[in-house]
Amino acid sequence: MADRAVRRGALRRGVVALAVWWLWMPLVAVLVWLVKHLVFGGFGQQDQSYVLLLQQELFPHGGVLDATPLFWIWVAVGLCGTVGAFGYVAEESGAGFGGWRVRLTLTLTVLAVVGSLVRVGTGLWDDDKDAGRYYAAATVLDIPAGGAGTPRSVLPVTEHTRAGDGRRCDLVGTADVPACVKTEPMPDFDFEARTASYAAATKALTDSAGLTSGVHLMGHSLHYLPDASQGGGVWTAVLDGSGEQPMEGVAVWDGRSNSVATCAFRGDHAFGRAFSGSGAVSLRNLLSERFPDLVYSDQDIWGYCDGADPRTARPVVVISVARQTGWRQRTVLEPAGVLVLRGSPDGRPDTTYRAEVEPGSLPGAVYPASVVRAQIHEVQWLGGRGAKDDRGFGYSHTSAATNAGNPGEFLLRSKEDGHLYYVTPLVPRESSSQLVVAFAVLQADRTGGGLNDLHVYVRGDDSPSVNLDVLASRMVSYMAQRTAITISAGPGGALQEIVPFGRDMWRGFVDFNGQTQDYIDLSGDATVTPNLVSLNGDITAPGGGQPAPATPAPATPTAPPTGAPPAAPAGGCGGDPGQLTTGQLAACVADLSKVLQGRVQDPPPAKP
């Protein structure tokens, strides 16, 4: 009887130890969820973030099937504790390790530990590659030619391929990550060009928008909305509230004028929430409660004014959303449509979820820019792990100083088909080179049914070299030759941003005092005559002083005919300089400089 009591006591202690060993982590997880769900009830972000975290870190598919490596680490640790508990019970009960039941149990437990560790190893090894596999299925490498004409930047992929279907893919990669290669030259890019830079839009909208205390410009919501008309695009941003102050509306700037218009939430389209609101005013909590499986980043939030006149139009806020979904032993983000938010008479947000959006339904991008950036990042996997790690295959955003604040995902409208596209210049991933070797292009005005195809148009090695730093230098030099103003490039300079818009054409924006005053169009191959255009407004030379009046026509200097007297300058320049204002005098000096440069460039007369 004593021996039986000892064995029962040892068994009971072993079972209790095993229960504590296995269950303390799940119980803590459940307790945390209860606290978030009950104590912080009504704070939807608490519930949503915790559930998504558990899915991401433990159960991508909602259960043990294809659980993450972290789950299998927990299982392996638990099984190791089980082996220790079995050994304790066997020793304390006096049964020892000679019985076949004990030996079989220990053997099976050790094998389970080994199996769990194998799942951990394979999961950790393939985790980042699995993300590449998911996004690679919607990626097409477009190259100008095959064989010896294949660009060097894409050789790590094309050297190991087989024939494709001839329609979507001419070649298919043989690595364990699907790669689709299309032998097709880069099409003629012909997009509507912008008329102002991102930096100027930020300055204009931040300084001039918002009439209520507690309202601020939601910086990441700053978006360019291309219009079908030439130069008709506008910059918009959401005027968000904070604390108990609800959202005010949407600010609009046309990129040319000095005024910012606002369509406000008021009257029968009031809006009582804000992204940065607290308590009952929090819009994020409301959206998390209503749509717990939808996620978004701030850069996927934008707004527009639904009406011809912003002062009377109704503001609309659009969120391009994604869904965290299970993929093998991890989670990935896939586009999941849009949320369209409008006001209502009682101030409650009128929220509509649209899982699919066709082109033309909304004036801006409906495909999440955050997903586009993930797709571009995962291009590095198209040649497999060896090509990525050993040969540095892949593409990155440029790090040129002019585009430091806005390196890519430019939303542009095609003149050919009228669709909106994300366009991003790319440089080699692991290289100090800043040569643009490819363009990433993805249709932005359609979403639904999974990922949109990302086309990476690879430039041929014999294409004219394009380096944004070199382009910036050429733009600065050209403006110095054509005007009396010297500019500098980079984040602190006047030349703020260089954006592609046509067949090897680039537009640089010249900002003074936070306003885009000029833009310069250059071709990458230097075969097209540069075009310097002064926008309506004042051009202020660096260092202050009175502004000189600008002309909306291209600033190309012209010289007077040989032998003809020069025309009298406008603004009284032919009079007494002492009677001129500082602004008039500055304008005269600029005009004289242009005429002088024009004469210097004229060929000298032939000697008799």
The residue from 66, 47 that alone is modelled with pLDDT under 85 and not basic (Lys, Arg) is 47
Could you look through segment 23-34, keep only residues that are open to solvent by 60 Å² or more (accessible area, probe 1.4 Å) and in contact with a helix residue (DSSP H, G or I) (Cβ under 9 Å, 6 or more places away or on another chain), and pick out the one that is modelled with the highest pLDDT? 25
Residue satisfying condition, being touching a residue at least 24 places away in the same chain (Cβ under 8 Å) and open to solvent by less than 40 Å² (accessible area, probe 1.4 Å), within set 150, 82: 82
Cβ-Cβ under 8 Å, sequence separation 6+ or interchain: first residue in segment 416-443 and open to solvent by 50 Å² or more (accessible area, probe 1.4 Å), partner among the aromatic types (Phe, Trp, Tyr). Which pairs? 429/393; 429/395
When both residues are 6+ apart or on different chains and their Cβ atoms are under 7 Å apart, which pairs have a first residue that lies in segment 209-220 and is within 18 Å of residue 318 (Cβ to Cβ), and a second that is loosely packed, with under 14 Cβ neighbours inside 10 Å and hydroxyl-bearing (Ser, Thr, Tyr)? none
When residue 455 is evaluated against the numbered criteria (1) open to solvent by 10 Å² or more (accessible area, probe 1.4 Å); (2) in a loop (DSSP other than H, G, I, E, B); (3) closer than 23 Å to residue 190 by Cβ; (4) not aliphatic (A, V, I, L, M), which criterion, by number, is the only one it fails? (2)
How many residues of segment 129-140 are within 20 Å of the chain's Cα centre (by Cα) and within 20 Å of residue 389 (Cα to Cα)? The answer is 6
Looking at this structure, is residue 253 of a type in the set (A, V, I, L, M, F, W, C), farther than 30 Å from residue 62 by Cα, touching a Leu at 6+ places or on another chain (Cβ under 8 Å) and without any contact (Cβ under 8 Å) to a residue 40 or more places away in the chain? no
Those residues of segment 358-381 which are within 18 Å of residue 180 (Cβ to Cβ) and either touching a strand residue (DSSP E or B) at 6+ places or on another chain (Cβ under 6 Å) or among the β-branched types (Val, Ile, Thr) (or both) amount to 372, 375, 376, 379
Do we find a residue being open to solvent by 10 Å² or more (accessible area, probe 1.4 Å) and within 21 Å of residue 186 (Cα to Cα) anywhere in segment 400-409? yes
In segment 115-145, anything over 30 Å from residue 78 (Cβ atoms) and open to solvent by 40 Å² or more (accessible area, probe 1.4 Å) is listed as 137, 144
Applying the selection to segment 458-489, what residues are of a type outside the set (A, V, I, L, M, F, W, C), under 23 Å from residue 199 (Cβ atoms) and open to solvent by less than 30 Å² (accessible area, probe 1.4 Å)? 478, 483
Assigned to a loop (DSSP other than H, G, I, E, B), touching a residue at least 60 places away in the same chain (Cβ under 8 Å) and among the acidic types (Asp, Glu): does that describe residue 309? no
For segment 253-261, does any single residue satisfy the condition of being among the small types (Gly, Ala, Ser) and open to solvent by 70 Å² or more (accessible area, probe 1.4 Å)? yes
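Would a scan of segment 458-467 turn up a residue that is closer than 30 Å to residue 339 by Cβ and part of a loop (DSSP other than H, G, I, E, B)?
No, there is no match, as no residue in segment 458-467 is closer than 30 Å to residue 339 by Cβ and part of a loop (DSSP other than H, G, I, E, B).
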Might you let me know whether segment 94-105 holds any residue that is touching a residue at least 12 places away in the same chain (Cβ under 8 Å) and surrounded by 17 or more Cβ atoms within 10 Å (Cβ to Cβ)? yes
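In this structure, is residue 335 open to solvent by less than 20 Å² (accessible area, probe 1.4 Å), closer than 20 Å to residue 447 by Cβ and in contact (Cβ under 8 Å) with a residue 24 or more places away in the chain?
yes
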Give the residue that is farthest from residue 252 (Cα to Cα), with candidates limited to residues of segment 291-309 that are open to solvent by 40 Å² or more (accessible area, probe 1.4 Å) and of a type in the set (Asp, Glu). 293
So, first residue under 17 Å from residue 346 (Cβ atoms) and in contact (Cβ under 8 Å) with a residue 40 or more places away in the chain in segment 237-250, second residue basic (Lys, Arg) and open to solvent by 30 Å² or more (accessible area, probe 1.4 Å), Cβ within less than 7 Å, six or more apart or across chains; the pairs are 246/273; 247/273
Within segment 153-193, can you find the residues that are open to solvent by less than 30 Å² (accessible area, probe 1.4 Å), part of a loop (DSSP other than H, G, I, E, B) and closer than 30 Å to residue 254 by Cα? 189, 192, 193
With respect to residue 96, determine if the residue is at pLDDT below 85 and on the phi > 0 side of the Ramachandran plot. yes
Complete set of residues in segment 310-331 that are within 29 Å of residue 127 (Cα to Cα) and open to solvent by 10 Å² or more (accessible area, probe 1.4 Å): 323, 324, 325, 326, 327, 328, 329, 330, 331
Under 9 Å between Cβ atoms, which residue pairs at least 6 apart in sequence (or on different chains) link something in segment 466-495 that is under 13 Å from residue 506 (Cβ atoms) with a partner that is at pLDDT 90 or above and basic (Lys, Arg)? 466/459
I'm told residue 240 meets every condition in (1) open to solvent by 10 Å² or more (accessible area, probe 1.4 Å); (2) over 24 Å from residue 444 (Cα atoms) except one. Can you identify the failing condition by its number? (1)
Selected residue [part of a loop (DSSP other than H, G, I, E, B), open to solvent by less than 40 Å² (accessible area, probe 1.4 Å), more than 19 Å from residue 457 (Cα to Cα) and among the aliphatic types (A, V, I, L, M)] from 204, 196: 196
Restricting to segment 265-287, count the residues that are in contact with a Leu (Cβ under 8 Å, 6 or more places away or on another chain), part of a strand (DSSP E or B) and at pLDDT 95 or above. 1
Take the residues in segment 228-264 that are outside any strand (DSSP E or B) and acidic (Asp, Glu), then tell me which one is nearest to the chain's Cα centre (by Cα). 254
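Let's see how each residue does on (1) closer than 20 Å to residue 135 by Cβ; (2) surrounded by 18 or more Cβ atoms within 10 Å (Cβ to Cβ):
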site	(1), (2)
343	no, yes
346	no, no
355	no, no
360	no, no
366	yes, yes
369	yes, yes
376	yes, yes
389	yes, no
394	yes, yes
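The values are calculated or read from the model by the stated rules, or taken from the named source; none is laboratory data. If you're wondering where the values come from, they're calculated on a predicted model, not measured in any experiment. Neighbour counts are summed over all protein chains in view; Cβ atoms, including those assigned to glycine, are modelled from backbone coordinates with ideal geometry. Just so you know, the surface numbers come from the protein's heavy atoms only, side chains and all, with ligands and any DNA or RNA stripped out. Shrake-Rupley method; radii C 1.70, N 1.55, O 1.52, S 1.80 Å.
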